[in-house]
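Following: one structure in structure tokens, then a few remarks.
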Amino acid sequence: MAKLSELASTIRSKNAGVNQITFDIIFPDVASYRRVLASQVITRDSITRLFNIPASRISDFVAFDLANAIKFTIYRLRPSGSPGDWDILGCQQYGPLLEVEVPD
Amino acid sequence: MTKPIHRQALKVLISTGHLGTAPSSRESFLLGMAANPDYVVADGGSSDPGPVYLGEDITLGHFAREELELFLTESRKKGIPLVIGSAGDTGSNRGVNEFVSIIKELAQEHRIPKFKIGYFYSEVSKDFLKQKLRNGKELSGLGGFPALTKSEIDLATRVVAVAGIHPFLKLLEQGADVIIAGRCGDINFTAGPCIYHGFPEPLAYHMGKMIECASLVAEPFMGKETIIGTISHDDIKITPYHPQQRCTIASVAGHSMYERETPYYEHTLGGTLDMRACQYEQFDERTVRITQAQWIPATELRVKIEGAKKVGERYMGFVGLRDPHIIRNVDAAIEWCKSAVAKRFAHEQYELFFHVFGRNAVLKELEPVRTTSPHELGIVVEGLASSDTLAEKITDFAVRMFFLVRIPGVKGTAGTAATTKKTMKSSPGYMWNINHTVPIDDPMELFPVHMTEAGV
């Protein structure tokens, strides 16, 4: 068992336009990338459970082989910077991903 | 009209992903300049800082003048063009005028020999958009927005259109030494000069994409450091100039997906950059070479438009909690405050938000951690109403109600929250309400170009 933060070299989130936040999980090598993909801990389904959102809020999910990266994008409930939003850049939303457990 | 010089390669230097937010690092900038670039470029803006800046028409960065001073003085010493995209953060007409004025003042201060400033505007009249609706055109929403309606157009304080490469080409043809752009796609202030000099469109747009955030394309993570993108007729190369940074296949490929919904496509006025077949290779110790981008010209010209509407005046107050019982029952405490406000201001329109730091202020509904046991909690109360007086009154009242919160079992009877300072005035609240595309006939029709002189 390892935490996603121990396997990935970059885990980040950022606005993708004013109404979406995109998450990038980038691995240092193909082995750790393949291991996480195979483990199924990061899938459309697991993301809906982790963030407690309906599948309709995920606008894109891709395994990006070229960069050894998993990338997914979600819709915000209200556009970035609306009253009530405290992460205008969407750049702290990745926090919970670091703790995801990846089986051996 | 100035004829472009055709060359084997063109070097474009960039040192910031967002001009003015913090100063560019001077050391790597000068190292980059010593490598004799052909252009210095910078992105002046973004929609990232939120809707307030376009809504209120204000500039975010406090270092815009300082960065422009470095860019202008150094580029003029070498006699190479300087190109600034999305002036004043939002690319509003005021932002463009402000940056043109700064360039003129700097030219005087530094006694720079006469040069030509080309600039263009990006604001769109609401009548133009409403005319499109009357003509039965759909103003399609991006990122999940529904199609644009007349009432939303009326609510926006101002609207900007996002330019392609076209006004850059026009201004370079007219001999501009410095270009101050209105709102434009962040790949286009680089792609424009590359295409002007005859380099292939796919490589030009891809270079624009790869260098727009400067040193964020390299590793380790450093902002505000210089990189140079070099385009030839069959590849692009990205090289960092901070001595401790290098571009690797991982850093460059990783950056290709940064702040975009998909790593494969980039849409802009006039077409789509298709990066599905891109090849990355390590060219030397710190340089990555990229090939194989494709460019798909658009079958219909659609330009992106941006606008924000005002929601109300806004105040914020801060509440600290240390009583473990109140911390455990923070939801009940918030509910009590809300109901007290609802009762007292029953006939008023207002919005009230409670940001609970120590629990879910940052992630809100996305926060998976449901139960924590912090010994302190901080709550920002954010209140909005139609007038300044009412927004302050409601927000301050909500903060006071925390101090007097009524939940069963409280032992402290002198005050149930730690408070300090006056409830603070914040920026007015705005919401992005225009994030759409509109069909146009000519890629220049919304972007009038102008030329002026500066220097001595």
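Coordinate-derived values only; no laboratory data. Since the structure is predicted, the reported quantities are computational estimates derived from the model, not experimental observations. Counting neighbours? That spans all protein chains shown, and the Cβs are built from the backbone with ideal geometry, glycine included.
Specify the angular offset, from 0 to 90 degrees and rounded to the nearest 10, of the alpha carbon long axis of helix B:93-109 from the longest principal axis of the alpha carbons in chain B. For B:93-109 against chain B, the angle is about 60 degrees.
Which pairs, out of B:Lys114/B:Lys209; B:Lys132/B:Lys310; B:Lys130/B:Lys304; B:Lys77/B:Lys116, put more than 26 Å between their alpha-carbon atoms?
B:Lys114/B:Lys209
Kirkwood radius and radius of gyration were both taken over the C-alpha atoms of the protein assembly as shown, and their ratio Rg/Rh is 0.99. Taking the Kirkwood radius as Rh and the Cα radius of gyration as Rg, region B:324-364 has a ratio of Rg/Rh equal to 1.04.
Restricting to bridges with both residues inside chain B, how much of the DSSP beta-bridge set is antiparallel, in percent to the nearest 5?
Details: 72 of 87 bridges.
Rounded to the nearest five, the antiparallel share is 85 percent.
Indicate the gyration tensor shape class of region B:277-331 (rounded, prolate or oblate), computed on the Cα atoms with a ≥ b ≥ c the square roots of the eigenvalues: a/c under 1.5 is rounded; otherwise a/b larger than b/c is prolate and the rest oblate. The partial results should precede the final answer.
Values: a/c = 4.28, a/b = 1.84, b/c = 2.33.
Here region B:277-331 falls in the oblate category.
Computed from Cα atoms, the angle from the helix A:30-39 axis to the main principal axis of chain A rounds to 70 degrees.
Bridging of B:Lys137 to aspartates and glutamates at a Cα separation below 15 Å is possible for B:Asp127, B:Glu300, B:Asp441, once same-chain residues fewer than 8 apart are set aside. By the count of other C-beta atoms within 10 Å, a proxy for reagent exposure, B:Glu335, B:Glu225 are ordered fewest to most as B:Glu335, B:Glu225.
For region B:39-195, take the convex hull of the Cα atoms, compute a quarter of its surface area, and give me that in nm², please. Walk me through the numbers before you get to the answer.
Working: hull surface 39.9 nm².
Over every viewing direction, the Cα hull of region B:39-195 projects on average to 10.0 nm².
Secondary structure note: in the protein assembly as shown, about 85% of the DSSP beta bridges are antiparallel. Label separation (B:Glu105 vs B:Lys77): 2.3 nm, computed from points 7 Å beyond Cα along the C-beta direction.
Taking the number of other C-beta atoms within 10 Å as the exposure measure, put B:His166, B:His197, B:His347 in order starting with the fewest. All intermediate terms of the calculation are to be shown ahead of the outcome.
Details: B:His166 21, B:His197 18, B:His347 4.
Placing the least packed residue first, the sequence is B:His347, B:His197, B:His166.
Take the Cβ-Cβ distance between B:Glu285 and B:Met444 as r, set R0 to 45 Å, and report the resulting FRET efficiency rounded to the nearest 0.05.
Efficiency for this residue pair is about 0.55.
Calculate the FRET efficiency for B:Glu376 and B:Phe221 from the Cβ-Cβ distance with a Förster distance of 41 Å, rounded to the nearest 0.05. Before the final figure, lay out each step's value.
Working: r = 31 Å, r/R0 = 0.75.
Using R0 = 41 Å, I get an efficiency of 0.85.
Against chain B, whose longest principal axis is taken from its Cα atoms, helix B:201-211 shows a tilt of about 50°.
Remark: for residue pairs A:Lys3/B:Lys364; A:Lys14/B:Lys104; A:Lys14/B:Lys343; B:Lys338/B:Lys422, the C-alpha separation exceeds 28 Å in A:Lys14/B:Lys104; A:Lys14/B:Lys343.
Counting alpha carbon pairs within less than 8 Å and at least 6 residues apart, what relative contact order, in whole percent, applies to region B:1-58?
41 percent
Centroid-to-centroid, using Cα positions, region B:287-345 and region B:85-127 are 31 Å apart. Across peptide B:344-355, the average count of Cβ atoms from other chains found within 10 Å of a residue's Cβ is 1. Translational diffusion of region B:317-421 was estimated from the Stokes-Einstein equation, with Rh taken as the Kirkwood radius over Cα pairs; at 4 °C and 1.567 mPa s the coefficient is 91 µm²/s.
Straight-line reach from B:Lys3: taking Cα to Cα under 19 Å and skipping same-chain neighbours fewer than 8 places apart, the aspartates and glutamates in range are B:Asp38, B:Glu173, B:Asp177, B:Glu201. Here, chain A has an Rg and a Dmax of 13.5, 43 Å when only alpha carbons are counted.
Applying 1/(1 + (r/R0)^6) with r as the Cβ-Cβ distance of B:Ile407 and B:Glu365 and R0 = 22 angstrom yields a FRET efficiency of 0.40. Which of the pairs B:Lys309/B:Lys393; B:Lys170/B:Lys237; B:Lys11/B:Lys78 have their Cα atoms more than 21 Å apart in this structure? B:Lys309/B:Lys393; B:Lys170/B:Lys237, as the Cα separations exceed 21 Å there.
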